[in-house]
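The structure under discussion appears below in the form of structure tokens.
The values are calculated or read from the model by the stated rules, or taken from the named source; none is laboratory data. Small disclaimer: the values here were computed from a predicted structure and weren't measured. Cβ placement follows ideal geometry from the backbone for every residue including glycine, while neighbour counts extend to all protein chains displayed.
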Amino acid sequence: DAKTTQPTSMDCAEGRAANLPCNHSTISGNEYVYWYRQIHSQGPQYIIHGLKNNETNEMASLIITEDRKSSTLILPHATLRDTAVYYCIVYNTDKLIFGTGTRLQVFP
Amino acid sequence: GAVVSQHPSWVICKSGTSVKIECRSLDFQATTMFWYRQFPKQSLMLMATSNEGSKATYEQGVEKDKFLINHASLTLSTLTVTSAHPEDSSFYICSAGPGPGPYEQYFGPGTRLTVT
């Protein structure tokens, strides 16, 4: 499975958009981009996934570049409850392999 | 989304004893479940893939005789930590999904194991 690179940490003001980048330059054509988050001492929570097209759901939007080598997760109006570690994962098998993720801190 | 439960949510045991952790998919059937371990301030590490009706597949470096996995039904997988030692103290998390991959997986709330 392709490896991903994410910033270690980011800050975001409450009410503003949080844009979390992810590089996956070695992604292959049949690998999906998945995003999960983990709030402290809880199990990870699925957010969104995509293959080529941009995706949006009630939680977030996923923007994938045309060459698919990078993507951005957008939380349109961050709240304090969005403080968590966000994981970007690319895979096409049944296994999710977690990297180190981005620790997002939303402040008042 | 789908719900995955774990029991117990936390457990304390003495060194040398065995501990069983249950993972259940509550509103869907899962032929495959996954077990992860997470140490403080670290990411999740995949331990093994639990397959209903067959042997589990363990990741490299994970002792299969120490971490026994049983996937007896389409909604239940168990992880037994045998002869636990303090270094086995960790946060154990399971996940499952409703279909063949790639698909979103749903994670349990985790079980915190402390071995004294």
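For A:VAL90, only one of the following conditions fails: (1) away from every other protein chain (no Cβ under 13 Å); (2) assigned to a strand (DSSP E or B); (3) touching a His at 6+ places or on another chain (Cβ under 7 Å). What is its number?
For A:VAL90, the failing item is (1).
Just to be sure I understand, how many residues within segment A:27-57 are surrounded by 17 or more Cβ atoms within 10 Å (Cβ to Cβ) and of a type in the set (Ser, Thr, Tyr)?
4
When segment B:1-60 is examined, which residues are found to be in a strand (DSSP E or B), farther than 25 Å from A:THR100 by Cα and at pLDDT below 90?
B:ASN51
Which residue out of B:THR111, B:THR78 is touching a residue at least 12 places away in the same chain (Cβ under 8 Å), surrounded by 19 or more Cβ atoms within 10 Å (Cβ to Cβ) and under 20 Å from A:PHE98 (Cβ atoms)?
Only one candidate passes the filter, namely B:THR111.
With A:ALA60, A:ALA84 as the choices, which residue is without any contact (Cβ under 8 Å) to a residue 40 or more places away in the chain and surrounded by 14 or more Cβ atoms within 10 Å (Cβ to Cβ)?
After ruling out the rest, the residue left standing is A:ALA60.
Would you call A:GLU66 within 12 Å of another protein chain (Cβ to nearest Cβ), more than 22 Å from B:CYS94 (Cβ to Cβ) and free of Cβ contacts under 8 Å to residues at least 12 places away in the same chain?
no
Could we say that B:SER89 is among the polar types (S, T, N, Q), away from chain A (no Cβ under 13 Å) and surrounded by 15 or more Cβ atoms within 10 Å (Cβ to Cβ) here?
Yes, satisfied.
Would you confirm, using the coordinates I've provided, whether A:HIS24 is surrounded by 21 or more Cβ atoms within 10 Å (Cβ to Cβ), more than 13 Å from every other protein chain (Cβ to nearest Cβ) and over 24 Å from B:SER5 (Cβ atoms)?
For A:HIS24, the condition - surrounded by 21 or more Cβ atoms within 10 Å (Cβ to Cβ), more than 13 Å from every other protein chain (Cβ to nearest Cβ) and over 24 Å from B:SER5 (Cβ atoms) - is met.
Scan segment A:63-81 for residues that are crowded, with 19+ Cβ neighbours inside 10 Å and in a loop (DSSP other than H, G, I, E, B) and jot them down.
A:ARG68, A:ALA78
Filtering segment B:66-83 down to residues that are at pLDDT 95 or above and in a loop (DSSP other than H, G, I, E, B), which residue is farthest from the other protein chains (Cβ to nearest Cβ)?
B:SER83
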